[in-house]
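Here's the structure we're looking at; comments come further down.
The values are calculated or read from the model by the stated rules, or taken from the named source; none is laboratory data. Computed from a predicted model, the values in this text were never measured in an experiment. In this analysis, Cβ positions are derived from the backbone assuming ideal geometry, glycine residues included, and neighbour counts consider all displayed protein chains. To get the accessible areas, we keep the full protein, side chains included, count just its heavy atoms, and leave off ligands, DNA and RNA. Shrake-Rupley method; radii C 1.70, N 1.55, O 1.52, S 1.80 Å.
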Amino acid sequence: MFNDNQKNASCRFADEIVSYLYDEIGKQEKLDFQSHLADCASCAEEIDGFSLVRSSVQQWRAEDFAGLPTPVFEIPSAKTLERDSSSLSWFEQIRAFLLLSPNSLTRSAAFAVLAICAGLAFFVFNSLPDRDVAQSVKEPAMKANASPTAAAEAGGRNSVVSEGNKDDNQQTGSSKPLDLTEIKGKSDAKKAFAAPAKTSFRVRAEQPSVDKQTGARPKRSASAKAEKEAVKISPKPGSKQPALPDLTDIEEDNSLRLSDIFAEISMR
Amino acid sequence: MTANLTDEQLVELAVKENPDAFGEIVKRWERKIFALCFGMLNREEDARDAAQETFISAYRNLPGFRGEAKVSSWLHRIAVNQCLTKQRRRKARPESALEDEANLPQTNRAAPRHLLPSNRAEQNERLKLVRQAVLSLPPELRQVIVMKEFEEMTFQQIAETLDMPLSTVKSRLYTALKQLRMKLEKTPLEFV
């Protein structure tokens, strides 16, 4: 029952010391304890020490408190309380509410946890890379692969322009219409550009044709540089437009295209 | 009319119909709450303020009282928190230590006339040690001994008010008395 500070922990009457001291003990228990005190020196000493402490505290009470009149406590009216509470700072109001509503602590803690989780989720979501740009980089590459076979046969300049945003023209600073006259198979070209791309970049490169004799496919060089340039061109919403790079020195895209394969098959 | 109602009934009445019913609760508990605050703070002015704040807070939060605990427990909890807040603020002010010395109650007024001045000085010194010893107790131990000695509550009443087992109340009181005894026995002054 008592902590380890108890001196006479082994005494079975130790639990009764305070009860006996304050005379809140049954008659029979009192008699038993009194007879025990005659035999147990530690309990007797404990009782004596506690009695002195009690008398000191009671003396303090008698000296300092007993003569004090009970103050008159004024309970303000409801209106006054409303006025006073409005003058309290928001911190004081929250503190007063939590002080007297222990059950609301659980609710407040749960709400705080939810708010923190929502904030973290928002932060993580915002810190993710721009998907639109990443996706836009892929799609034109895929579209370039699916460009019409005529593009390969033309052997000329092949403009690959994605049907991006209208801002595309603005970004490049050119409103020149797309030149598809060199591209044979307009239906294929239409198919290639049927689906609007999300990209907003323009790449001009000479597309080497498939060698009819050898059937060698032109090697495709990595278009990563072009993609990077494209990424640079397409600005993020709300941000200032960066300076447009010079695209004239972009390497030729010699990667294998599906159209080339179709062209090869048709030739055979 | 309201004198026959229990504390919980008075609270319900104050919330629903008659706010003045709370006055009966104040009348029942004002002395005990004031005694508790004085025992915790040892200053009349602070005790009065803490008790006033206790009743104002209780009145303000009457609608939120759900009856999960007794009204006495609720009031005591508010009062102890108010006292601890006041004590923390007092500790934060360095000049408060000097104020405490200057505003100590004049114990001479209650000293028996037959005591010689030297005895009175010793008694004052002893009382000062007792005050310091009680105030140095941890809040949970101080509260129990103040409720026992100042409010003169029984063990059962303390257990109900603090919402704890009877054995816990006795254990805390035992520990508080033991610590007080150790602190007071360190001084060379004799006990009378």
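Here are the numbers:
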read-out	value
So residue B:93, is it open to solvent by 60 Å² or more (accessible area, probe 1.4 Å) and within 12 Å of another protein chain (Cβ to nearest Cβ)	no
Region B:52-90, residues that are over 17 Å from residue B:7 (Cβ atoms) and open to solvent by less than 10 Å² (accessible area, probe 1.4 Å)	B:83
Those residues of region B:153-174 which are away from chain A (no Cβ under 11 Å), of a type outside the set (D, E, K, R) and not in a helix (DSSP H, G or I), in sequence order	B:164
Tally, over region B:22-55, of residues that are facing chain A (nearest Cβ under 7 Å) and either β-branched (Val, Ile, Thr) or in a loop (DSSP other than H, G, I, E, B) (or both)	1
The one condition in (1) under 16 Å from residue B:178 (Cβ atoms); (2) acidic (Asp, Glu); (3) open to solvent by 10 Å² or more (accessible area, probe 1.4 Å) that residue A:39 fails to fulfil	(1)
Search result, residues across region A:11-27 that are among the aliphatic types (A, V, I, L, M), more than 60 Å from the chain's Cα centre (by Cα) and either more than 16 Å from residue B:152 (Cβ to Cβ) or open to solvent by less than 20 Å² (accessible area, probe 1.4 Å) (or both)	A:25
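A quick yes/no check of all residues on (1) within 13 Å of chain B (Cβ to nearest Cβ); (2) within 18 Å of residue B:178 (Cβ to Cβ); (3) modelled with pLDDT under 90:
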{"site": "A:18", "(1), (2), (3)": "yes, yes, no"}
{"site": "A:28", "(1), (2), (3)": "no, no, no"}
{"site": "A:35", "(1), (2), (3)": "no, no, no"}
{"site": "A:48", "(1), (2), (3)": "yes, yes, no"}
{"site": "A:53", "(1), (2), (3)": "yes, yes, no"}
{"site": "A:75", "(1), (2), (3)": "yes, no, yes"}
